[in-house]
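Colleague: Sharing a structure here in structure tokens format.
Values quoted throughout were computed directly from the atomic coordinates according to the rules given, and no laboratory measurement underlies them. Just so you know, these numbers come straight off a predicted model, no measurement behind them. Cβ placement follows ideal geometry from the backbone for every residue including glycine, while neighbour counts extend to all protein chains displayed.
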Amino acid sequence: MEKRIAGLALLLALAVSPVHAQDEPAVEEFQGLDREVQALKDEVLDLNRDLFLLEEELLFPANSQVAFFLSVDVGEFFALDSVSLKIDGKEVTNYLYTEREVDALHRGGVHRLHMANLEVGEHELTAVFDGKGPHARDYRRGATMKFTKSLGAKYVELQITDRAAKQQPEFVIREWE
């Protein structure tokens, strides 16, 4: 037991003692290894990013890709809670927003709701918006759009705006060119 305590004391003394000239090669070697480890970490991060991009490209090829985005330009007539999307009658996403996300949308943010691969041809998009409408009443409104998917990527925006003339929100679906 005494030998073990003496050994621990010696290790502790070496750990806290200043670096001596004979220890400099070991310190330099340690620093070199540290630089190599950091370089390897950077390479792994770069490879991870490249793999993510390749995965996106494989899962969502540009010629069949469709992306759906949500933007908001409201304030008085609608407070967004959730959005549900259906493509050709099949529900593909249902998103419930937090206060921070709604705030980001009000400040000009755009949310990518869904990304999918669709075959070339006619499709129908149905979006259902839930929230608080005028006079703080529950409000549920849907919007439907038929669109043609051709070769190449397609981008569709779901936009919620205030309509001051009717004092109601307006829900518009439009394709980006």
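Colleague: Which whole-Hz ³J(HN,Hα) couplings does segment 136-146 yield from phi under the Karplus relation 6.51 cos²θ - 1.76 cosθ + 1.60, θ = phi - 60°, glycine and proline marked x?
Modeller: For segment 136-146, the Karplus-derived couplings read 6, 8, 4, 9, 10, 9, x, 9, 10, 8, 9 Hz, x marking Gly and Pro.
Colleague: Another question about this same structure. What's the percent breakdown of Cα-Cα distances in segment 65-176 across 5 Å bins, shortest bin first?
Modeller: 2, 11, 23, 25, 18, 11, 6, 2, 0, 0
Colleague: Could you calculate the contour length gain from residue 166 to residue 47, that is, 0.36 nm times the residue separation minus the distance between their Cα atoms, to one decimal place in nm?
Modeller: 37.5 nm
Colleague: Now, a different point. Give the lysines reachable from residue 154 as a straight Cα distance under 23 Å; neighbours fewer than 8 places away on the same chain don't count.
Modeller: 86, 90, 146
Colleague: Among the aspartates and glutamates, which have Cα under 17 Å from the Cα of residue 166 when same-chain residues fewer than 8 positions away are ignored?
Modeller: In chain and number order, the partners are 73, 76.
Colleague: Provide the packing ranking of 141-152, 126-137, i.e. peptides ordered by the mean count of other C-beta atoms within 10 Å per residue, highest first.
Modeller: 126-137, 141-152
Colleague: Which value in nm describes the separation of the simple spin-label points at residue 93 and residue 30, placed 7 Å from the Cα toward the beta carbon?
Modeller: Using points 7 Å along Cα→Cβ, the separation is 5.0 nm.
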